[in-house]
Amino acid sequence: MSTPATVMPLPVRSGGPIPEALQRLRATFASGKTRPLEWRLQQLAELERMMREHEADFAAALQADLHKCSFETALSELGFVTSEAKYARKHLRRWARAKRVPTPMMALPGHSYIQPEPKGMVLIIAPWNYPLSMVCAPLVGAIAAGNCAVLKPSEVTVNTSAALARIIPRYLDPDAFAVIEGGVPETTELLEQPYDHILYTGNERVARIVMTAAAKHLTPVTLELGGKSPCLIDKSADLDVAASRIAWGKFINAGQTCVAPDHVLVHREVAAKFTEILAGKIKEFYGDDPSQSPDYCRIASERHTARFAKMLEGQTIHTGGQVDVASRYVAPTIVLDPAPDSALMQEEIFGPVLPVITVDEMHHAIKFVADRPKPLALYVFTKSKALEDAVLDRLSAGSVCINDAVIFMVSPELPFGGIGNSGMGRYTGWYGFETFSHMKPVMKRSFRFDAPLRYPPYSDFKRKVMELVR
Ligand code: NAD
């Protein structure tokens with residue numbers, strides 16, 4: 001079994017002690033430095049340059065933290081951030097422009113518009129599973145909208161956190177951005193302070209802590225959470241293509257992807273065939289012994305790995321099932337029909353274990369999903385338009401992807417976010433800009449024609465005219 005290389009974290013906390021960093025950022029925002037579009041465009045360009053020039057450093061850190069291969073690093077970490085930044089640079093002038101809206105007759109002559117303005121100083125708290133992109137992709141929206149930002153990477157992926165803290169201040173304006181490393185004490189200290197927005201990505205339990213802390217200051221929050229994203233497979237689906245796409249979506253990053261298929265609900269007539277094809281794809285992708293594959297990630301910590309050993313106890317394992325806590329390895333695993341009350345079906349799996357649950361009819365699968373909390377992502381593989389419509393009509397989810405898994409994340413045109421237990425708010429592309437902006441409504445009146453209709457003393461005549469011009 002290959003053991004991940006270790007990159008020693010630097011004992012540097014950029015941005016200094018928390019109160020000083022926050023004071024510096026607030027002063028910068030108040031000075032107006034972050035407002036000009038030129039400044040924002042330049043910071044976005046610097047972010048892209050940072051990704052280019054430090055690809056090797058970030059790749060080494062991600063390799064040490066998650067055994068992430070350079071292909072996945074390029075695709076889902078550096079590539080995700082770079083394409084977000086490029087897209088924002090391309091569209092920023094249009095996004096930031098005031099948008100004219102109609103003015104009702106009662107307020108004529110005059111005109112109305114919506115003027116986006118930066119919120120101020122924002123806090124971005126990131127998890128460990130995509131430890132670089134979950135800091136830097138929301139940051140793109142914050143920069144584009146003209147904010148200062150405090151960045152809190154996850155302490156679980158210590159090498160990536162250290163790399164971000166070391167490298168970001170060399171590229172982004174240190175007066176406007178601060179990386180605060182640390183764990184629960186540091187995040188708790190950060191959360192005691194007021195911000196103009198908090199974007200938190202992580203689990204539901206900590207989301208409640210974040211939202212409670214934010215409530216004290218009436219700080220708006222975006223919560224990017226997880227949950228159990230189901231994957232429905234109809235008998236009409238192309239099973240070979242479905243299995244490839246599901247195996248990829250499930251086993252990239254060793255299943256530690258918020259939108260990874262959590263479990264599969266497959267029609268009884270094709271269940272055995274689908275499972276066999278899926279097992280074949282695992283072999284095709286990662287070889288006979290996935291622990292030797294350079295393309296297969298490790299679990300973030302021994303603690304997280306041990307959880308899988310426990311989860312798999314007593315389950316019917318079709319493929320995989322090997323767990324090695326010391327090397328943080330969990331094999332790509334298929335479990336057959338786990339009990340609905342087992343941990344595997346009660347908790348978000350968030351790892352390379354895929355339960356395959358057989359259903360007699362697809363409407364049973366729809367009911368199964370409808371009876372549970374709204375997921376972050378929902379997948380359905382079918383050639384039936386009627387089933388596709390039924391799924392879209394009956395089921396709610398953060399995002400839906402028909403006949404593929406995870407790939408919808410590449411589109412900057414689609415907002416990304418959850419609903420209900422899977423989160424609130426959204427970002428990527430325009431939606432990131434919108435999240436970190438206040439859309440300020442402005443109405444400008446003329447001094448001409450000051451009709452006294454709305455002024456006292458009121459009369460029935462005035463009321464009738466007012467109703468006409470409303
Ligand atoms: P984590 O343990 O790294 O925690 C996330 C952040 O919360 C860290 O920065 C950490 O310092 C902070 N934190 C942890 N405990 C805290 C506490 N008690 N008080 C204050 N701050 C605290 O990551 P995680 O939560 O294990 O992340 C995995 C979860 O994130 C999964 O549920 C996954 O689905 C979800 N996720 C969602 C998205 C999305 O975009 N919707 C993306 C990635 C991950």
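The values are calculated or read from the model by the stated rules, or taken from the named source; none is laboratory data. Only a predicted model underlies this, so the values are computations on that prediction, with no experimental measurement involved. Cβ coordinates were reconstructed from backbone atoms using ideal geometry, including for glycine residues, and neighbour counts include every protein chain displayed.
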In the range 318-343, anything closer than 17 Å to residue 262 by Cβ, of a type outside the set (S, T, N, Q), at pLDDT 95 or above and not in a loop (DSSP other than H, G, I, E, B) is listed as 318, 330, 334, 335, 336
Which of the residues spanning the range 186-202 are surrounded by fewer than 16 Cβ atoms within 10 Å (Cβ to Cβ) and within 6 Å of the ligand (Cβ to nearest atom)?
188
Scan the range 176-191 and report the pairs whose first residue is more than 13 Å from residue 153 (Cβ to Cβ) and whose second residue is in a helix (DSSP H, G or I) and more than 10 Å from the ligand (Cβ to nearest atom), with Cβ atoms within less than 7 Å and a gap of 6+ or a chain change.
176/25; 176/28; 189/18
Does residue 209 fit the bill of being free of Cβ contacts under 8 Å to residues at least 24 places away in the same chain and near the ligand (Cβ under 10 Å from one of its atoms)?
yes
Can residue 228 be described as within 15 Å of the ligand (Cβ to nearest atom), closer than 30 Å to residue 355 by Cβ, basic (Lys, Arg) and surrounded by fewer than 24 Cβ atoms within 10 Å (Cβ to Cβ)?
yes
From 254, 300, 242, grab the single residue that is crowded, with 18+ Cβ neighbours inside 10 Å, on the phi > 0 side of the Ramachandran plot and either small (Gly, Ala, Ser) or at pLDDT 95 or above (or both).
254
Have a look at 434, 347 and point out the one that is closer than 30 Å to residue 145 by Cβ and charged (D, E, K, R).
434
Take the conditions touching a residue at least 60 places away in the same chain (Cβ under 8 Å), touching a Lys or Arg at 6+ places or on another chain (Cβ under 6 Å) and of a type outside the set (Asp, Glu) and apply them to residue 106. Does it pass?
yes
Among the strands (runs of 3 or more DSSP E) lying completely within the range 353-470, list those that include at least 2 residues that are at pLDDT 95 or above and either more than 21 Å from the chain's Cα centre (by Cα) or of a type in the set (Gly, Ala, Ser) (or both).
353-359, 377-381, 437-445
Pick from the range 78-102, criterion buried (at least 18 other Cβ atoms within 10 Å of the Cβ) and of a type in the set (D, E, K, R), ranking: nearest to residue 329 (Cα to Cα):
84
Go through the range 68-77 and count every residue that is more than 15 Å from the chain's Cα centre (by Cα), part of a helix (DSSP H, G or I) and either touching a residue at least 12 places away in the same chain (Cβ under 8 Å) or buried (at least 22 other Cβ atoms within 10 Å of the Cβ) (or both).
4
